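Single-structure report; data block below.
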Amino acid sequence: MRTLIQNGTVVTASDTQVADVWIEGETICAVASPALRAQLGQTDRVIEARGKYVIPGGIDAHTHLDMPFGGTVSADDFDTGTVAAAHGGTTTVIDFAIQQKGGSLKQALDAWHQRAEGKASTDYAFHMIATDLPPGQLSQMADIVAEGVTSFKLFMAYPGVLLLDDQSIFRAMLRAGELGALITMHAETGLPIDVIVERALAEGKTAPIYHALTRPEAAEATGTERAIALAEMAQVPVYIVHLSARRALERVMEARDRGLPAYAETCPQYLFLDEDALRGKPGDEFDGAKYVCTPPLRPKHHHEHLWRGLRNHDLQVVATDHCPFCMKGQKDLGRESFAKVPNGMPGVETRLHLLWEGVREKRISMNRFVEITATAPAKIFSLYPKKGTIAVGSDADVVVWDPHRSLRLSAENLHMRVDYAAYPDRTVVGAPELVLSRGQVLVEDGKWVGKKAGGRFLRRGTFAL
Ligand code: URP
Ligand code: ZN
Ligand code: ZN
């Protein structure tokens, strides 16, 4: 099957040009001037893209689908989560397998394959969250890398649940260095946070806003500094996930200025929402539970710093940390205590829409938009050039983006399986008109038209930057 996407403006991380994109089966076979069309022969299907942008399908490097967490399970599974992702122009997700304390890395990987296989409608890959690394498990890291899971997430937060001590983190970094794997870090210093939380609860401070007020920026700044210092000692690269705040960003900038291979992602919620959302609505302070995620939303002045970080390449990636919980039956587990609100927010569907607002407001260029949503995660997580760009030989994961299409980000217009919207009053301008995954149209004019469950597991290579 041959498909031609004609007359669109093809935008990659480096170039913007009017060009035809030719697809043979699952793969892009030519990107050529429309003047050469007659020479390139016949096609089975023509998609007109005049006046539209043709961009690589988004890669969301941070999702939690079907994840047991906070006494419940995240509300989207690999079916609903990847369908929602595709509606928003994301055609690859990198999700997290989680090692149970006392369990093995291999068991975790098997369990996540079971969750995803035959359910995912976009392609997917895994990171491995290691929570327990005695010598036997440390040696299993090699088996996990051999299975194409070449990045590990470690936690400095959530004591007793996910936190790893510094010696284990350091050993894991050394091993990752030997294996060519990448360590990614939840870099909040969690032990003091738990003391601050305990003290707040003892003072009767139980509302969602105290989630933000008990996880100070300093905890993230020191965690980020410590993660980078450990990586420097181990002589390995490090990737800071979900960076939310100015001082943490400054730690990354200092490291990069010294030439260290420190990378960081932020998320749309840290660019578009602020801690006041956790105060709830008048007469309903628990409404703020919708916005309980970790690290917490920060005061508004952080936004400018994060946008600058994106513009200046101090932040490389925008992922979502999509970890949705319904208000009813999930978030409300924390009605009596903010510390029991399951941590996480929906976002996998709205990342591109929101970041396009950054293009419209001239905070970032279109090329940078493509880079932070697709190309950079593909490069950092070793999916490039199969994923993350529009080039001959790349998978035909392509979005025809209509810069004039508007969408209100209300729950009824979205597909994430969660009973609220994080940005219900925001209308964005710029949205996918067509979303293709390996040459198959999944979404057209906001409607699902594709095959369900056609997503494939992506075995990733070792870290290559
Ligand atoms: O609130 C969040 N971020 N939930 C998911 C777990 C994590 O730390 O990424
Ligand atoms: Zn985290
Ligand atoms: Zn996360």
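The values are calculated or read from the model by the stated rules, or taken from the named source; none is laboratory data. Please read these numbers as outputs of a predicted model, since none were measured by experiment. Glycine gets a Cβ as well: all are built from the backbone with ideal geometry, and neighbour counts include every protein chain shown. To get the accessible areas, we keep the full protein, side chains included, count just its heavy atoms, and leave off ligands, DNA and RNA. Shrake-Rupley method; radii C 1.70, N 1.55, O 1.52, S 1.80 Å.
For this structure, a couple of remarks:
- Inter-probe distance in nm under a simple model that places probes 7 Å from Cα toward Cβ, at A229 and A146: 3.7 nm
- Each peptide in 305-311, 156-162, 217-223 was scored by the mean count of other Cβ atoms within 10 Å over its residues; highest first, the order is 217-223, 305-311, 156-162.
- Site pair D132 and K281 shows an inter-label distance of 4.3 nm when each label is modelled 7 Å from Cα along Cα→Cβ.
- Built amide H within the under 5 Å cut-off of M185, gap 5+: L154, Y239, I240, V241
- Calculated FRET efficiency, A32 to E412, Cβ-Cβ distance, R0 = 51 Å: about 0.80 to the nearest 0.05.
- 3J(HN,Hα) from dihedral phi, the stretch 397-413, Karplus parametrisation 6.51/-1.76/1.60, rounded to Hz, x for glycine, proline: 9, 9, 10, 8, 9, 9, x, 9, 6, 10, 8, 7, 7, 8, 4, 6, 8
- Per-residue SASA entry for M185, accessible area with 1.4 Å probe, Å² rounded to 10: 0 Å²
- Computed on protein heavy atoms with a 1.4 Å probe, the accessible areas place L315, L213 in the order L213, L315, largest first.
- From its DSSP helices (H runs of at least four residues, each -39,500 (n - 2.57)), the chain gives a residue-normalised ellipticity at 222 nm of -8500 deg cm²/dmol.
- Gain on full extension, evaluated as 0.36 nm per residue between R405 and T462 minus their Cα-Cα distance, stands at 16.6 nm.
- Summary of packing: across the peptides 446-455, 266-275, the per-residue average of other C-beta atoms within 10 Å ranks them, highest first, as 266-275, 446-455.
- The stretch 109-236 shape via C-alpha gyration tensor axes, a/c threshold 1.5: oblate
- Of the peptides 335-344, 234-243, the order by per-residue mean of other Cβ atoms within 10 Å, starting with the highest, comes out as 234-243, 335-344.
- Theoretical gain in end-to-end length, L40 to E250 [0.36 nm per residue, Cα-Cα removed]: 70.6 nm
- Eigenvalues of the alpha-carbon gyration tensor of the chain, scaled by 5 and square-rooted, set the equivalent ellipsoid semi-axes at 35, 25, 21 angstrom, largest first.
- Summing +1 for each Lys or Arg and -1 for each Asp or Glu among the other residues whose beta-carbon sits under 11 angstrom from that of V443 gives -3.
- Segment K452-D110, extension gain: residue separation times 0.36 nm, minus the distance between their alpha carbons: 120.9 nm
- Heavy-atom accessible area per residue - the stretch 57-380, 1.4 Å, Å²: 32 Å²
- Rounded, prolate or oblate (a/c below 1.5 giving rounded, otherwise prolate when a/b exceeds b/c) for the stretch 342-432 by Cα gyration tensor: prolate
- The lysines within cross-link reach of K451, meaning a Cα-to-Cα straight distance under 24 Å and a gap of 8 or more places when in the same chain, are K119, K386, K387.
- Surface share of carbon and sulfur [accessible, 1.4 angstrom probe, percent] for the stretch 230-361: 46 percent
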